[in-house]
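The values are calculated or read from the model by the stated rules, or taken from the named source; none is laboratory data. This one's a predicted model, so the numbers in the text were calculated from it and none came from an experiment. Neighbour counts are summed over all protein chains in view; Cβ atoms, including those assigned to glycine, are modelled from backbone coordinates with ideal geometry. Ligands, DNA and RNA are excluded from the accessible area calculation, which covers all protein heavy atoms including side chains. Shrake-Rupley method; radii C 1.70, N 1.55, O 1.52, S 1.80 Å.
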Amino acid sequence: MNLIHQDLTRRRFLRRLSVGAALFTVPGAFAEELMRTPQQTEGPFYPDHLPLDTDNDLLIVNDTLTPAVGEITHLGGRILDPKGQPIRNALVEIWQVDNNGVYLHSHDTHAARDKNFQGFGRFLTGSTGEYYFRTIKPVLYPGRTRHIHFAIKMKGRDKWTTQCYGKGEPQNERDGIYTAIKDPKARAAVTIDFAPIKTSRLGELAARFDIMPGLTPEA
Ligand SMILES: [Fe+2]
């Protein structure tokens with residue numbers, strides 16, 4: 001990546017971060033209401049080849065003009081330590097299927113992949129612990145309800161993974177990985193709203209997923 005490109009990417013990234021932050025000043029989402037987020041399996045589809053573009057906008061790969069197909073979703077939240085304090089320098093990674101239900105993985109060949117969907121993204125948290133991605137609402141693929149995979153990487157800690165799910169999804173109750181979470185509060189901690197943004201003429205959605213992995217950052 002040359003310097004000009006890096007700078008463009010950075011500006012794009014910052015602009016979108018501020019949009020994201022504005023969307024997520026939702027009252028009531030306080031740490032006191034949170035419980036520890038249950039850890040969930042990484043699953044078999046963490047990308048086996050990372051995309052050239054690993055930024056936090058999964059709708060645009062590099063500087064192509066054609067965006068990915070799907071319901072545009074602004075996904076954000078905070079990474080919190082066991083006391084509810086924000087964790088900085090946590091690398092948040094997400095990966096999910098495209099609108100055809102296909103992962104960015106060479107073993108996932110059950111349908112054609114949307115080449116414009118990045119499939120994977122990264123965000124490094126700052127002092128507020130916030131992360132933000134622009135992505136699509138996940139679709140169903142054989143055997144699973146809608147979900148987005150998360151990995152949290154912190155210095156000196158093992159990689160920690162979970163998955164988040166949509167509230168009110170009929171398939172949730174038939175999903176073996178979701179229903180393996182028995183505690184209703186723990187289940188609620190990974191079940192989020194994909195809420196329409198009223199002012200969006202494109203039908204964009206906002207989703208907030210605060211994550212408390214139960215990890216304490218290294219001093
Ligand atoms: Fe999955």
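Do we have A188 as modelled with pLDDT of 95 or more, of a type in the set (A, V, I, L, M) and assigned to a helix (DSSP H, G or I) here?
Criteria met by A188.
Restricted to region 127-147, and to residues that are hydrophobic (A, V, I, L, M, F, W, C) and open to solvent by less than 40 Å² (accessible area, probe 1.4 Å), which residue is farthest from the ligand (Cβ to nearest atom)? Working first, answer last.
Within region 127-147, the subset hydrophobic (A, V, I, L, M, F, W, C) is 133, 136, 139-140.
If we keep only those that are open to solvent by less than 40 Å² (accessible area, probe 1.4 Å) as well, we get 133, 136, 139.
Numbers: F133: 16, I136: 14, V139: 11 Å.
That would be F133.
Condition check ((1) more than 16 Å from the ligand (Cβ to nearest atom); (2) within 13 Å of the chain's Cα centre (by Cα)) across all residues:
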| residue | (1), (2) |
| --- | --- |
| G77 | yes, yes |
| D81 | yes, no |
| G84 | yes, no |
| I87 | yes, no |
| L91 | yes, yes |
| N100 | no, no |
| A111 | no, no |
| R122 | yes, yes |
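Mind listing whichever residues of region 148-186 are open to solvent by less than 10 Å² (accessible area, probe 1.4 Å), within 16 Å of the ligand (Cβ to nearest atom) and either of a type in the set (F, W, Y) or in contact with a Pro (Cβ under 6 Å, 6 or more places away or on another chain) (or both)?
Hits for region 148-186 are I148, F150, Y165.
List the residue pairs whose Cβ atoms are under 7 Å apart, where the first residue sits in region 40-53 and is under 13 Å from R122 (Cα atoms) and more than 14 Å from the ligand (Cβ to nearest atom), the second is open to solvent by less than 80 Å² (accessible area, probe 1.4 Å) and of a type in the set (F, W, Y), and the two are 6 or more positions apart or on different chains.
If the second residue must be open to solvent by less than 80 Å² (accessible area, probe 1.4 Å) and of a type in the set (F, W, Y), the pairs left are L50/F120; P51/F120.
Quick check on my filter: what residues within region 107-126 are open to solvent by 10 Å² or more (accessible area, probe 1.4 Å) and either touching a residue at least 60 places away in the same chain (Cβ under 8 Å) or closer than 13 Å to I60 by Cβ (or both)?
Of everything in region 107-126, those that are open to solvent by 10 Å² or more (accessible area, probe 1.4 Å) and either touching a residue at least 60 places away in the same chain (Cβ under 8 Å) or closer than 13 Å to I60 by Cβ (or both) turn out to be H107, D108, D114, K115, N116, R122.
Which of the residues spanning region 109-134 are at pLDDT 95 or above and closer than 20 Å to I177 by Cβ?
G119, F120
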